[in-house]
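**Q** The structure that follows is given in the form of structure tokens.
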């Protein structure tokens, strides 16, 4: 069995039993573990054989997660592995396989439409700031000039 086959079988065994975030975490963990062991000089096949059957690993993960939540006095709803509930607030995460995942309010910001949204928002902020400055400039310039003239004539004399 190859690393990809092992990870795919593990993922299939976990689907429907844990949240997608928890499944991704577990699959990422085993993927990194196998890569690290191969980097240390162990054969990929030997590492996978040492780990055992991915379905048995999945069963253990599901059982321990369920026992943990029962012991804590709450039901498992599949959200314990997530840092935030989806669709709320700002989230930024990085994975070696997928790269950056930047989300705000459930919308992915590092996609083309997310980047377009950020550009439009930046332009809007610049336009609003320029309008505020253009509105206040005719009032502020005379006030600043009067203050400068007063400080020259009545300023701190030594």
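**Q** Give me a count of the residues in segment 102-126 that are under 18 Å from residue 89 (Cβ atoms) and in a helix (DSSP H, G or I).
**A** So the count comes out to 4.
**Q** Follow-up question, since we're still on this one. Inspect all residues belonging to segment 139-155 and state whether any of them is modelled with pLDDT of 70 or more, within 30 Å of residue 8 (Cα to Cα) and either assigned to a helix (DSSP H, G or I) or not assigned by TED's automatic domain parsing to the domain that holds residue 17 (or both).
**A** First, the residues of segment 139-155 that are modelled with pLDDT of 70 or more: 139-155.
Checking the rest, the ones that are also within 30 Å of residue 8 (Cα to Cα) come to none.
Within segment 139-155 (the criterion being modelled with pLDDT of 70 or more, within 30 Å of residue 8 (Cα to Cα) and either assigned to a helix (DSSP H, G or I) or not assigned by TED's automatic domain parsing to the domain that holds residue 17 (or both)), the answer is no, since none of the residues qualifies.
**Q** Now for a separate question. Considering each residue of segment 1-33, count those that are part of a helix (DSSP H, G or I) and crowded, with 18+ Cβ neighbours inside 10 Å, and give that number. Show your work before the answer.
**A** Narrowing segment 1-33 to residues part of a helix (DSSP H, G or I): 3-14, 20-33.
Adding the requirement that they be crowded, with 18+ Cβ neighbours inside 10 Å leaves 6-7, 10, 13-14, 22-24, 26-27, 30-31.
Residues meeting the conditions: 12.
**Q** Does residue 57 satisfy the criteria of being in a helix (DSSP H, G or I) and modelled with pLDDT of 90 or more? Full working, then the answer.
**A** Values: in a helix (DSSP H, G or I): yes; modelled with pLDDT of 90 or more: yes.
Considered against the rule, which asks whether it is in a helix (DSSP H, G or I) and modelled with pLDDT of 90 or more, residue 57 comes out as yes.
**Q** Does residue 62 qualify as being part of a helix (DSSP H, G or I), modelled with pLDDT under 90 and in contact with a helix residue (DSSP H, G or I) (Cβ under 8 Å, 6 or more places away or on another chain)?
**A** yes
The values are calculated or read from the model by the stated rules, or taken from the named source; none is laboratory data. In this text the structure is predicted, and so the values were computed from the model without any measurement. As a convention, Cβ positions derive from the backbone with ideal geometry for all residues, glycine included, and neighbour counts pool all protein chains shown.
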